[in-house]
Amino acid sequence: MDRSSNGPTHEALAGEGVNSWLAGWLSPAPTTNQGTAAVGFQRWFHFKEAFSPSFVEGVIKRQPNAPTNILDPFSGSGTTALTSQFFGIIPTAIEVNPFLADLTEAKLSVLDAARLLHAKRSLIRRARALRGPDLLGNYFLPPTFIEPGVKERWIFNHAVAEQVLSYRAAIDELEDPSVQRLARVALGSVLIPASNAVVNGKGRRYRKGWQQRAIPDVDTLFEDAFSKIIEDAPLTARKKITEYKLLRGDSREQIGHVDAGVDLALFSPPYPNSFDYTDVYNVELWMLGYLDSSQGNRSLREQTLRSHVQIRRDLTFNLNSQTLADVYQQLSAKRGELWDGRIPEMIGAYFADLIGIVSEIGTRLSEAGRIELVVGDSQYLGVHLPVPKILEELAPAHGLQVIAQHKVRSMRSSAQQGGTLNLPESLVTICRN
């Protein structure tokens with residue numbers, strides 16, 4: 001069925017709202033957040049894995065039928081859902097990381113600049129009033145987080161941690177959950193800049209010369225971060241719609257709560273590179289109070305795709321792809337050389353999870369609906385893992401077919417694999433048979 005005569009046209013989806021938000025901006029690397037430091041909403045928090053708004057815009061405009069709704073089961077920082085609102089397309093977002101879910105919802109909400117300005121001033125005053133020598137004792141944090149740390153290493157100097165936690169305490173006192181969310185986003189955005197660490201590659205590392213680094217002022221950082229949110233508040237009035245649906249939790253479970261009739265599913269799942277995103281963002285999760293125990297940390301990790309081996313869990317899967325079977329056989333033969341012997345099973349389990357989600361989306365597609373997902377190849381000990389090809393082989397058993405795929409950029413392999421730009425990242429288009 002051709003919905004273009006009954007639903008919105010692509011011309012109707014375009015508008016001044018998107019233009020005023022992006023102001024002609026184009027990303028230098030569309031499937032990343034490069035160049036977004038001055039882009040409204042995107043500048044609130046540095047989310048390395050984010051799509052650019054221009055990439056989402058391009059995918060929407062390339063659809064043969066203009067969508068009325070969009071699903072993103074791996075919302076991350078919410079770019080797909082936010083861009084959808086500017087186009088007047090109703091978004092449904094799913095996110096397992098509670099901080100990133102708050103970041104998504106903060107962007108999707110209606111913002112009142114005057115109200116937020118009052119909240120910012122009140123929070124700064126209250127945070128300063130709450131500071132004291134006993135404040136740090138009120139919170140359970142990993143021993144490596146606060147000076148003196150472990151083995152003379154720590155992420156936050158004592159004075160910085162006291163400032164950060166005073167803001168956490170002041171935010172916890174707020175009665176309005178929407179203001180709380182925005183304030184946590186502002187505080188979350190300053191944590192790494194205020195810390196002795198940087199996020200790079202697959203995790204954190206200590207800054208060069210961090211022991212001699214001047215102690216940053218959290219008050220100034222927080223005020224600047226919250227001010228950016230306030231400055232962007234008028235942009236919310238330029239969205240074509242403010243409606244959205246946000247599901248918090250494991251995508252493998254939450255996908256069952258998505259309504260039928262999905263016109264476009266646009267997302268990028270974790271890649272099978274053993275990159276544990278819970279660990280990458282655990283500074284925000286712990287310091288902002290989303291995690292308060294090792295059990296909670298493990299529980300959150302267990303709700304993520306089986307794309308890493310940082311915890312032990314069931315890695316059961318079926319070899320329903322010849323290419324996947326070949327990769328599994330090659331890696332199993334090199335198991336003793338791998339940095340973790342469970343990697344062959346992890347790869348199989350990853351595809352079991354991914355095709356399970358894709359299959360569930362397929363059952364909810366509208367007649368002309370499409371799935372557009374960005375996936376990245378991986379490589380272990382010279383064994384190449386071609387993700388689009390494996391998806392192409394898995395899809396038919398679920399009533400789906402890969403109808404197009406094209407490379408969007410080259411990614412750098414790990415240092416152990418040479419560190420060259422030899423791994424393709426691809427946009428794969430799937431529809432029902």
Subject >> Shape of the range 353-411, Cα gyration tensor, a/c cut at 1.5 >> reply: prolate
Subject >> Summed residue charge, Cβ within 13 Å of L100's Cβ, Lys/Arg positive, Asp/Glu negative >> reply: -1
Original post:
How high is the relative contact order of the range 193-285, in percent, with contacts defined as C-alpha pairs under 8 Å that are six or more residues apart?
Top reply: 30 percent
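Accessible area per residue, 1.4 Å probe, Å², for the range 63-187: what's the number?
Result: 37 Å² per residue.
With charges set only on the Cβ (+1 for Lys and Arg, -1 for Asp and Glu), what does the dipole of the chain come to about its Cα centre, in debye to the nearest 20?
860 debye
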Original post:
With every protein chain present, what is the per residue accessible area of the range 238-359 (1.4 Å probe, Å²)?
Top reply: 41 Å²
Subject >> All lysines inside 29 Å of K61 as judged from Cα atoms, apart from same-chain residues fewer than 8 positions distant >> reply: K48, K107, K239, K240, K245, K389, K407
**OP:** Work out how much length L381 to D259 would gain on full extension: take 0.36 nm times their residue separation and subtract the Cα-Cα distance, in nm to one decimal.
**Re:** 39.7 nm
Original post:
Considering only DSSP beta bridges with both partners in the chain, what is the antiparallel share in %, to the nearest 5?
Top reply: 60 percent
**OP:** Using only alpha carbon pairs under 8 Å that are at least six residues apart, calculate the relative contact order of the range 272-388 and give it in whole percent.
**Re:** 28 percent
**OP:** May I ask for the net charge around L319, where only other residues with Cβ less than 13 Å from the Cβ of L319 are counted and Lys, Arg are +1 while Asp, Glu are -1?
**Re:** -3
Original post:
Could the peptides 377-385, 76-84 be put in order, highest first, of the mean number of other beta-carbon atoms found within 10 Å of their residues?
Top reply: 76-84, 377-385
**OP:** Report the relative contact order of the range 18-85, percent, no decimals, based on alpha-carbon pairs under 8 angstrom and at least 6 residues apart.
**Re:** 29 percent
Original post:
Under a plain spin-label model, where a point goes 7 Å from the Cα along Cα-to-Cβ, how far apart in nm are I241 and A23?
Top reply: 2.8 nm
Subject >> Where Rh is the Kirkwood radius over Cα pairs, Rg/Rh for the chain >> reply: 0.97
**OP:** Express the carbon and sulfur contribution to the solvent-accessible surface of the chain as a percent, rounded to the nearest whole number, probe 1.4 angstrom.
**Re:** 49 percent
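The values are calculated or read from the model by the stated rules, or taken from the named source; none is laboratory data. The shown structure was predicted, so the numbers you read here are calculated from the model rather than taken from an experiment. Glycine also receives a Cβ, built like all others from the backbone with ideal geometry; neighbour counts cover every protein chain displayed. Heads up: the accessible areas ignore ligands, DNA and RNA and are worked out on the full protein's heavy atoms, side chains in. Shrake-Rupley method; radii C 1.70, N 1.55, O 1.52, S 1.80 Å.
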